[in-house]
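Written below as structure tokens is the structure these notes are about.
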Amino acid sequence: MTFSLKSLLTVSAIALTASFATIQPAAALDDQQKKEIGDFIKEYLVEHPEVLLDAQAALEKKQDEARIAQSAQVIEQNKDAIFNSKNDVAIGNPKGDITVVEFFDYNCTYCRHALGDMDKLLQQDKNVRFVLKEFPILGQDSVAASRVSSAFRLLSPEKYGEFHHKLLGSDGRASEDTAIDVATSLGISEADIRAEMAKAPNTDMIKATYQLATDLGVNGTPAYVIGNEMVSGAIGLDAIKEKIANVCSCGKTSC
């Protein structure tokens, strides 16, 4: 996250003028005194520009801590829906010490890049349980592909991981037709898929996921829940592993 120079100057100005306020109330300052204070602040910042970086770092840290605290509260209140929903499939170690939850969309380019991160993580860490939470937000094709995916999961849960990998990793846009093509390539007939879609539409599941995402502050994909934190974006394998290590060490993503 970046901040404008104007914002940083405001932070610095407040800090620098605080000492003046203890000496003389702001209301008692005349225009000349206010100008002198402003000139002093400007001169100080020109001579000590590192103050701006310090202010930016402090502000980023404070906002990050507030974000994590808020997400931790929501995660605690929705643990079952996040980590143990019957609508989701977990791959990796079903009894793993650490659970990583990913909100994804089959048409999300960044999710496709992050697919390799998931694969490497599960190869390198046999204690990870990885929950796939479908969050179709990129148009009707995504919603349609998710409906096929949900039907496939009900018909062949043991092959869902393979279905997920093939559909998300494929070229082109995911849709109902491409999702059915993947399903049939894995041995489930189109007739069975369509019958299951009619019998068990996933509309309620999608609504529940949308509400959960809203509560967590998820506004894009991919998004992860790791320990006590919701993390936005394809942050990369190293960052995920670092957060997992911290959770194992101190119970939080930041120790």
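The values are calculated or read from the model by the stated rules, or taken from the named source; none is laboratory data. In this text the structure is predicted, and so the values were computed from the model without any measurement. Neighbour counts are summed over all protein chains in view; Cβ atoms, including those assigned to glycine, are modelled from backbone coordinates with ideal geometry. Only protein heavy atoms, including side chains, enter the accessible area calculation; ligands, DNA and RNA are left aside. Shrake-Rupley method; radii C 1.70, N 1.55, O 1.52, S 1.80 Å.
Candidates are the residues of segment 180-201 that are open to solvent by 70 Å² or more (accessible area, probe 1.4 Å) and charged (D, E, K, R); the one that is nearest to the chain's Cα centre (by Cα) is D181. Under the condition of being in contact (Cβ under 8 Å) with a residue 60 or more places away in the chain, among the polar types (S, T, N, Q) and outside any helix (DSSP H, G or I), the residues counted in segment 170-217 number 1. Look through segment 91-108, keep the residues that are modelled with pLDDT of 95 or more and either acidic (D, E) or closer than 18 Å to P136 by Cα (or both), and return whichever of them is surrounded by the most Cβ atoms within 10 Å (Cβ to Cβ). By that ranking, first place goes to Y106.
Checking the condition within 19 Å of the chain's Cα centre (by Cα) and either among the acidic types (D, E) or over 30 Å from A66 (Cβ atoms) (or both), which residue from D177, D204, D171, D238 passes? One residue alone meets the criteria, D238. Put simply, of G251, G169, G217, G233 the only residue that is in contact with a Ser or Thr (Cβ under 8 Å, 6 or more places away or on another chain), surrounded by fewer than 16 Cβ atoms within 10 Å (Cβ to Cβ) and either over 20 Å from K86 (Cα atoms) or among the small types (G, A, S) (or both) is G217.
Residue count for segment 129-163 under the criterion of being open to solvent by less than 10 Å² (accessible area, probe 1.4 Å) and within 15 Å of A200 (Cβ to Cβ): the result is 8.
Contact map, segment 36-63: residues that are within 30 Å of E229 (Cα to Cα) paired with residues that are surrounded by 12 or more Cβ atoms within 10 Å (Cβ to Cβ) and β-branched (V, I, T), Cβ distance under 7 Å, separation 6+ or inter-chain. Pairs shown: A55/V11; L59/V11.
When the criteria are applied in full, V247 fails the requirement of being in contact with a helix residue (DSSP H, G or I) (Cβ under 9 Å, 6 or more places away or on another chain), over 19 Å from S142 (Cα atoms), modelled with pLDDT under 95 and of a type in the set (V, I, T).
How many of the residues in segment 203-229 are among the acidic types (D, E) and closer than 10 Å to K133 by Cβ?
Of all residues in segment 203-229, those among the acidic types (D, E) come to 204, 215, 229.
When the remaining residues are screened for being closer than 10 Å to K133 by Cβ, the result is none.
Total meeting the criteria: 0.
Scanning segment 53-68 for residues that are closer than 13 Å to L216 by Cβ and either open to solvent by 50 Å² or more (accessible area, probe 1.4 Å) or of a type in the set (K, R) (or both) turns up just one, R67.
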